[in-house]
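The values are calculated or read from the model by the stated rules, or taken from the named source; none is laboratory data. Note that the coordinates shown come from a computational prediction; the quantities given were computed from them, not determined experimentally. Cβ: placed from backbone, ideal geometry, glycine included. Neighbour counts: every protein chain shown.
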Amino acid sequence: MAPPLIQLKDIALTFGGAPLLAGVELTVSAGDRFCLIGRNGSGKSTLLKIVAGLVQPDHGSRFVQPGATVRYLPQEPDFSSFATTLAYVEAGLAPGDDHYKATYLLEQLGLHGDENPAHLSGGEARRAALARILAPDPDILLLDEPTNHLDLTTIEWLENDLAARKAALMIISHDRRFLTNLSRATAWLDRGTVRQIDRGFAAFEQWRDDLLAEEEREQHKLDRKIVAEEHWLRYGVSGRRKRNVKRLANLHALRSERRNYRGSVGNAAMAAVEADKSGKLVIEAKSVSRSYDGRTIVDDFSIRIQRGDRIGIVGPNGAGKTTLINLLTGVSAPDSGTIRLGTNLEMATLDQSRDSLDPKSTLSEALTGGRGDTVMVGGKPRHVIGYMKDFLFAQQQARTPLEALSGGERGRVMLARALAKPSNLLVLDEPTNDLDLETLDVLEEMLGDYEGTVILVSHDRDFLDRVVTSVIVPEGNGRWIEYAGGYSDMLAQRGADLTREAVKGTAAKSDAAKADRTDTKAAAPAPKRKLSFNEKHALETLPKTIAKLEAEIAELQRALDDPQLFARDRAKFDKVSAAIAKAHEALHEAEHRWLELEMLREEIEGS
């Protein structure tokens, strides 16, 4: 067995009166590739800082092999006192290191070296920090959320670079695919202690579930044993006093063990408050274009988004993903083309920047808006403590400043605020940033149950595969193309290189199709079809009819929501039930007819 490069023994640390780490043992040897897994707030980042030597524990020892070089990637790098990104990267080199590596890695990561660190975006800051820790070619790399704010192209580059290195790795990440591809062992930080398995992340979830199930069985046995001992204490024979005193002491020990047991943390009870249904058509974009400073961001883009669609938008940072979302949702107007929003839309948004969070405000103030102890969830008041618990916050965290929360906890605050608003269209910009794996699972389930429409920007490949029904990708020069399926389906159709300017096969097929249409029109010109008067009238009036039917259905549903209606007035119950069924049928027919006419109109105008 290889000698340890770093070894922790009996590490203990307490924050705010509660033990964060207790008796942690950890050994990292040459060639090890650990993923460090744990809930948000469980102490993963703190433990990684102890491994890096940046935080001193209350108890325990840390050993580092003499001569071993350790480099640590923080979630929030400190660029103060550095004039350029190159100066920042070179400051991480040791005497004798090749300074060319600093320039080379910056170029590989899309930076020039002369950028002012004070003006970097989140993605640029993360790339500069990666160049700083990779340039010295260290023996141990400690990476805290390395994929945060990176686009998919850079994530895949980083994955390949780390796979080719000989350095030992310890990685904290929410990116399942990144962990699966790189890890060979797993360290699970759970309730202050670390449990290890000599298998990568792919085996972790089943192993964790088996451990928790076994733990639950052991607690059940302990409960039964306590009941049996208490029964003996009340009704047993008391003839042998020494034996009885010892048995009573054993019962006290069992009770103490049960009191001190820290059960596993439950799952978040995340749920979006849904508004009334939107119309069948949610967004229609036709030949939309938008430019900034002479650069074309979106060029001649068309899409039809219908109720229930889950649209993923991917691409390199700076490609224009946020611009495209702003166009589609009507936040900004296109230079040319048209955007049409459907009827009865209620939109909730999640912004990745988190600029709306005041770091000095408390968790309770962030959720209530500083208005007492009540959160408005779906227009109804709810006590802030109960709503906090739905998102895995403890009662004592209500007065905690946001700046003291972990990145994942701040991410949950943003989700809690966004999901409290009634919606039938969710617009999520990087919703997975900093979230732990269990919360990601709950978010995926929530989006699966959500009856509205979802548009999201994400660089998490596994999350995209699990959630979206189609993916929109930039092809260069402002061209965007929609591919059916998730991220892996998109790659199968398009190819793996997200940086190329255009897809030759796609462009060739498009040109060929245009040529075929031109030849067909030239060979057999047909009289141009026009909408009849009745069709035009129906196209104009159907949206109002649809809105009226939806309002009628909502009113009837409120009557049916009365749990006493059936017992109090059976005739009225039957009448309302028949009316709501008839209204649903009429709504379906109206939406279907409107969609047919819309497609006909689009076909006529495009011919």
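Identify all residues within the stretch 192-222 that are part of a loop (DSSP other than H, G, I, E, B) and surrounded by fewer than 16 Cβ atoms within 10 Å (Cβ to Cβ); write none if there are none.
ASP198, ARG199
Can you say whether VAL314 is buried (at least 17 other Cβ atoms within 10 Å of the Cβ), touching a helix residue (DSSP H, G or I) at 6+ places or on another chain (Cβ under 9 Å) and modelled with pLDDT of 85 or more, as far as the supplied structure shows?
Spelling it out, VAL314 is indeed buried (at least 17 other Cβ atoms within 10 Å of the Cβ), touching a helix residue (DSSP H, G or I) at 6+ places or on another chain (Cβ under 9 Å) and modelled with pLDDT of 85 or more.
Determine whether ASP441 is within 20 Å of ASP151 (Cα to Cα) and either surrounded by fewer than 20 Cβ atoms within 10 Å (Cβ to Cβ) or modelled with pLDDT under 85 (or both).
No: the conditions fail for ASP441.
Please work out if LEU341 is farther than 23 Å from SER470 by Cβ and out of contact with any Pro (no Cβ under 9 Å at 6 or more places or on another chain).
no
Tell me, which residue of the stretch 111-141 that is more than 15 Å from ASP161 (Cα to Cα) and not in a helix (DSSP H, G or I) is farthest from the chain's Cα centre (by Cα)?
ASP114
Out of all the residues in the stretch 280-291, which are in a strand (DSSP E or B) and either under 29 Å from the mean Cα position of the chain (by Cα) or within 25 Å of THR343 (Cα to Cα) (or both)?
Scanning the stretch 280-291 gives LEU281, VAL282, ILE283, GLU284, ALA285, LYS286, SER287, VAL288, SER289, ARG290.
In the stretch 23-59, how many are buried (at least 18 other Cβ atoms within 10 Å of the Cβ) and over 31 Å from the mean Cα position of the chain (by Cα)?
Summing the residues that are buried (at least 18 other Cβ atoms within 10 Å of the Cβ) and over 31 Å from the mean Cα position of the chain (by Cα) in the stretch 23-59 gives 1.
Just to be sure, is ILE6 touching a helix residue (DSSP H, G or I) at 6+ places or on another chain (Cβ under 9 Å), at pLDDT 90 or above and closer than 23 Å to PHE201 by Cβ?
The answer is yes for ILE6.
Would you call ALA94 surrounded by fewer than 17 Cβ atoms within 10 Å (Cβ to Cβ), assigned to a loop (DSSP other than H, G, I, E, B) and touching a Ser or Thr at 6+ places or on another chain (Cβ under 9 Å)?
yes
Identify all residues within the stretch 148-179 that are over 24 Å from LEU5 (Cβ atoms) and either out of contact with any His (no Cβ under 9 Å at 6 or more places or on another chain) or of a type outside the set (A, V, I, L, M, F, W, C) (or both); write none if there are none.
As a first pass, look at the stretch 148-179 and keep what is over 24 Å from LEU5 (Cβ atoms): 148-157, 174-177.
Hits for the stretch 148-179 are ASN148, HIS149, ASP151, THR153, THR154, GLU156, TRP157, HIS174, ASP175, ARG176, ARG177.
Would you be able to say whether some residue in the stretch 319-331 is free of Cβ contacts under 8 Å to residues at least 40 places away in the same chain and part of a loop (DSSP other than H, G, I, E, B)?
Yes: the stretch 319-331 contains one or more residues that are free of Cβ contacts under 8 Å to residues at least 40 places away in the same chain and part of a loop (DSSP other than H, G, I, E, B).
For the subset of the stretch 376-408 comprising residues that are hydroxyl-bearing (Ser, Thr, Tyr) and in contact with a strand residue (DSSP E or B) (Cβ under 8 Å, 6 or more places away or on another chain), which member is nearest to ASP144 (Cα to Cα)? Full working, then the answer.
Of all residues in the stretch 376-408, those hydroxyl-bearing (Ser, Thr, Tyr) come to 387, 400, 406.
In the following step, the residues that additionally are in contact with a strand residue (DSSP E or B) (Cβ under 8 Å, 6 or more places away or on another chain) were identified as 387, 400.
On the way: TYR387: 29, THR400: 23 Å.
Looking at the filtered set, the residue picked out is THR400.
Got a sec? Which of LEU415, LEU456, LEU435, LEU426 is in contact with a Leu (Cβ under 9 Å, 6 or more places away or on another chain) and assigned to a loop (DSSP other than H, G, I, E, B)?
Just one listed residue meets the conditions, LEU435.
Could you please give the count of residues in the stretch 396-429 that are at pLDDT 85 or above and within 23 Å of LEU152 (Cα to Cα)?
Here the count works out to 4.
Taking the conditions exactly as written (at pLDDT 85 or above and under 35 Å from the mean Cα position of the chain (by Cα)), does LEU211 satisfy them or not?
In short, no.
If we keep just the residues of the stretch 175-194 that are within 22 Å of LEU162 (Cα to Cα) and of a type in the set (Val, Ile, Thr), which is nearest to the chain's Cα centre (by Cα)?
To start, the set of residues in the stretch 175-194 that are within 22 Å of LEU162 (Cα to Cα) comprises 175-188.
This time we only want the ones that are of a type in the set (Val, Ile, Thr), so: 180, 186.
Numbers: THR180: 17, THR186: 22 Å.
Taking the candidates together, the pick is THR180.
I'm trying to understand the selection: among the residues of the stretch 23-59, which are part of a strand (DSSP E or B) and over 20 Å from ALA2 (Cα atoms)?
GLY23, VAL24, LEU36, ILE37, HIS59
Picking from PRO77, PRO19, which residue would you name as being in contact (Cβ under 8 Å) with a residue 24 or more places away in the chain and assigned to a strand (DSSP E or B)?
On the way: PRO77 fails: assigned to a strand (DSSP E or B).
None of the others qualify; the one that does is PRO19.
Which condition does LEU20 not pass, out of (1) exposed (fewer than 14 other Cβ atoms within 10 Å of the Cβ); (2) under 30 Å from THR432 (Cα atoms), if it passes all the others?
It is condition (1) that LEU20 fails.
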